[in-house]
1. Hey, can you tell me all the residues within the stretch 129-141 that are closer than 20 Å to residue 59 by Cβ and open to solvent by 10 Å² or more (accessible area, probe 1.4 Å)?
2. Please name all residue pairs, on different chains or six or more residues apart, with Cβ atoms under 6 Å, provided the first residue is in the stretch 98-121 and is closer than 17 Å to residue 33 by Cα and the second residue is open to solvent by less than 40 Å² (accessible area, probe 1.4 Å) and among the small types (Gly, Ala, Ser).
3. Under the condition of being in contact (Cβ under 8 Å) with a residue 40 or more places away in the chain and small (Gly, Ala, Ser), which residue from the stretch 73-94 is surrounded by the most Cβ atoms within 10 Å (Cβ to Cβ)?
4. Looking only at the stretch 63-102, which residues are charged (D, E, K, R) and closer than 14 Å to residue 20 by Cα?
5. Of the residues 174, 214, only one is under 22 Å from residue 140 (Cβ atoms), of a type in the set (Phe, Trp, Tyr) and either touching a Lys or Arg at 6+ places or on another chain (Cβ under 7 Å) or modelled with pLDDT under 90 (or both); which?
6. Which pairs have Cβ atoms under 7 Å, sit 6 or more apart or on different chains, and link a residue in the stretch 9-29 that is open to solvent by 60 Å² or more (accessible area, probe 1.4 Å) to one that is among the hydroxyl-bearing types (Ser, Thr, Tyr) and outside any strand (DSSP E or B)?
7. For residue 195, all conditions in the list (1) touching a helix residue (DSSP H, G or I) at 6+ places or on another chain (Cβ under 9 Å); (2) closer than 26 Å to residue 113 by Cβ; (3) not aliphatic (A, V, I, L, M) hold save one; what is the number of the exception?
8. If residue 238 meets every condition in (1) within 22 Å of the chain's Cα centre (by Cα); (2) of a type outside the set (S, T, N, Q); (3) part of a helix (DSSP H, G or I) apart from one, which number is that one?
Amino acid sequence: MIDYLDTDVAYLLGLIVTRGQIVDEPPVRRLVITLPFRSLIASGDKVQFEQKTQLRLGSAEISDRLSEVLGAHMNVTAAAKRKTLSALFPTNSIAWRDLTLLLEGRKSYREFQIPPNVLDAPADIQKDFMRGVVDGSGWIVPGTYYRSRTRGKRRVFIAIDNANWVLPVQLCAFLQQKLKVPVGEILWGHPNLRDPHCRSPKTVSFREHQVRVFCESFEKVGFYLDHKNAILAEFAAEDSARDLPRSISFHYLGKKHRKNLKHKHPQELSRKLPSVIRGKHYDYFWQICRDMGCQQTSPPAE
């Protein structure tokens, strides 16, 4: 059973990679997954859901599914804007060993990467991994428009903790190369992108990273949480029916692009930044992608 991987395990790994933590301090062995929500109401143009209710129903279904996979009871607790699922492992069971092996010994969403087994898995397993990722960390709201080139196409945002600078590039490549889903951009939690005019040189926060994908493109993967999937389906159908450009991927970067220069920022030197990009100035998100190891496209001439 060690190193075992099926669609249920893949879904669990997707949840863990962006929202999970492992506590491995025998005799305490615990898995914790936090499912947050950003607003009380999740809305499309026509459909509307009360987030707390939907997450209660969804977390119950997720809990049942994970309990079956892990052979451990999932405890669900609620707070103002989140649900927390946790499982206690009293022994060093096969399920626990398999989980820690697949996660390569990493302990937190601040450092998790896509497990190598998922990268080499069949398409159905890869899709369930991504559904776990977006059920835990993806969202769509009516205001998420991409105005400059696509005049109103809605997008799925996949949020990644700011401390994890490896996972955004991995997820982007995974979506495009494995699932054939184009990615529009990564909004990095970098001061040049989050405070481009340097209006808060001392107080700007290092916010989450966001991998952004058009709803029209992401529908082929979808969510397992029903309310998210209903909004996705509505926006994808509307955008497909309108006279809008097709989905744009990073390969768009090889074409002519407009100048959008950012101000120098003192926090470019912050120790919160990985050493490979610390002390560098960035005007475009793809420059950070390139320095963080993206191999998907040659950058446009600067």
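The values are calculated or read from the model by the stated rules, or taken from the named source; none is laboratory data. Computed from a predicted structure; not experimentally measured. In this analysis, Cβ positions are derived from the backbone assuming ideal geometry, glycine residues included, and neighbour counts consider all displayed protein chains. Areas reflect the complete protein model, heavy atoms only, side chains present, ligands, DNA and RNA absent. Shrake-Rupley method; radii C 1.70, N 1.55, O 1.52, S 1.80 Å.
1. Of all residues in the stretch 129-141, those closer than 20 Å to residue 59 by Cβ come to 129-140.
Scanning the stretch 129-141 gives 131, 139, 140.
2. Note: pairs meeting the criteria are 109/20.
3. Result: 87.
4. Going residue by residue through the stretch 63-102, those that are charged (D, E, K, R) are 64-65, 68, 81-83, 97-98.
82, 83 - these are the residues of the stretch 63-102 that are charged (D, E, K, R) and closer than 14 Å to residue 20 by Cα.
5. Values: 174 fails: either touching a Lys or Arg at 6+ places or on another chain (Cβ under 7 Å) or modelled with pLDDT under 90 (or both).
Result: 214 is the single residue among 174, 214 that is under 22 Å from residue 140 (Cβ atoms), of a type in the set (Phe, Trp, Tyr) and either touching a Lys or Arg at 6+ places or on another chain (Cβ under 7 Å) or modelled with pLDDT under 90 (or both).
6. Here the result reads 21/109, each pair linking the stretch 9-29 to a residue that is among the hydroxyl-bearing types (Ser, Thr, Tyr) and outside any strand (DSSP E or B).
7. (2)
8. It is condition (1) that residue 238 fails.
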